[in-house]
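The values are calculated or read from the model by the stated rules, or taken from the named source; none is laboratory data. It should be emphasised that the depicted structure is a prediction, and the values quoted were computed from it without experimental measurement. Don't worry about glycine lacking a Cβ; one is built from the backbone with ideal geometry, like all the others, and counts go over all protein chains shown. The protein model used for the area step is the full one, side chains on, heavy atoms only, and it has no ligands, DNA or RNA in it. Shrake-Rupley method; radii C 1.70, N 1.55, O 1.52, S 1.80 Å.
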Amino acid sequence: EAKNRGEPWGSVVIQGKAASGSYISHIDLSGVSIAQRNLIQYPGQLNIHDVDSFQLVHCTISNNSVGDDALHVAYSQGEIKNCEFKNTAFDAMDMDIVDVSVSDSMFLNIGNDAIDLMNSKTVINNVNIVGSGDKCISVGEASQVIIQNSHLENCQMGIAVKDQSIAQLDNIEFLIEPGNAI
């Protein structure tokens, strides 16, 4: 949390091949901001970039008000499991050019997309998304995704598959308010 209550603070960055094998567990990030270093932009509260393997488990990421993402993963391979994303102003999870699995996780009250994929290979299993200002899951820019055993509720759009992407869906429960799109 911020030293000065209500003020955003820096960003957490895990970057580079030397960080491969990182295991991040039981953290709670709230009210974090963004960062830039050596001309590299870090648009999330937590950023994992260019890491060959990582695990993010039993974490809570919430209340971002600065930057585009609560979690930003790029050029990496890994696993996100048993995490909770809540009360984000923008995207909860943005993944660019990754091979990452997301399982047993919860997304609540997301300002934009709950999960946003670009040119990624992803397996999403047993996620619960409740309330998203845009898409529950956005599959774009030639991504390949398997989404299974998940509940998607009250998003402006359930799942968007675009830009030469492929999505395989199995056992997805949609609960959409009238006027929104599946």
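For the chain, give the percent of accessible area contributed by carbon and sulfur heavy atoms, probe 1.4 Å, rounded to a whole number.
46
With every protein chain present, what is the per residue accessible area of region 45-93 (1.4 Å probe, Å²)?
Heavy-atom accessible area per residue stands at 32 Å².
To the nearest 10 square angstrom, how much accessible area does S65 have with a 1.4 angstrom probe?
About 80 Å², ignoring ligands and nucleic acids.
Using a 1.4 Å probe, what is the accessible area per residue for region 94-182, in Å²?
44
Quick one: what are the phi-derived ³J(HN,Hα) couplings along region 129-139, Karplus 6.51/-1.76/1.60 with θ = phi - 60°, whole Hz, x for glycine and proline?
Per residue, the Karplus-derived 3J(HN,Hα) values read 10, 10, x, 9, x, 9, 9, 4, 9, 10, 10 Hz.
In whole Å, what is the distance between the alpha-carbon centres of region 26-75 and region 113-153?
The two parts, judged by their Cα centres, are 18 Å apart.
Take the Cα radius of gyration of region 39-91 and divide it by 2.2 N^0.38 Å, with N its residue count; two decimals is plenty.
Taking N as the residue count of region 39-91, the ratio is 1.13.
Based on the Cβ-Cβ distance of L169 and E79, what FRET efficiency does E = 1/(1 + (r/R0)^6) give at R0 = 25 Å, to the nearest 0.05?
Plugging the Cβ-Cβ distance into 1/(1 + (r/R0)^6) gives 0.75.
Grab the other residues whose beta carbon is less than 13 angstrom from that of D104, score K and R as +1, D and E as -1, and report the net.
Its environment carries a net charge of -1.
Considering every Cα-Cα pair within region 73-182, what fraction, in whole percent, is farther apart than 20 Å?
Pairs farther apart than 20 Å: 30 percent.
Taking the Cα atoms of region 1-136, what is the range of coordinates along each of the three principal axes, in descending order and whole Å?
The Cα atoms of region 1-136 stretch 35, 35, 26 Å along their principal axes.
Quick one: Kirkwood hydrodynamic radius for region 102-148, alpha-carbon pairs, angstrom, one decimal?
One decimal place: 10.8 Å for the Kirkwood radius.
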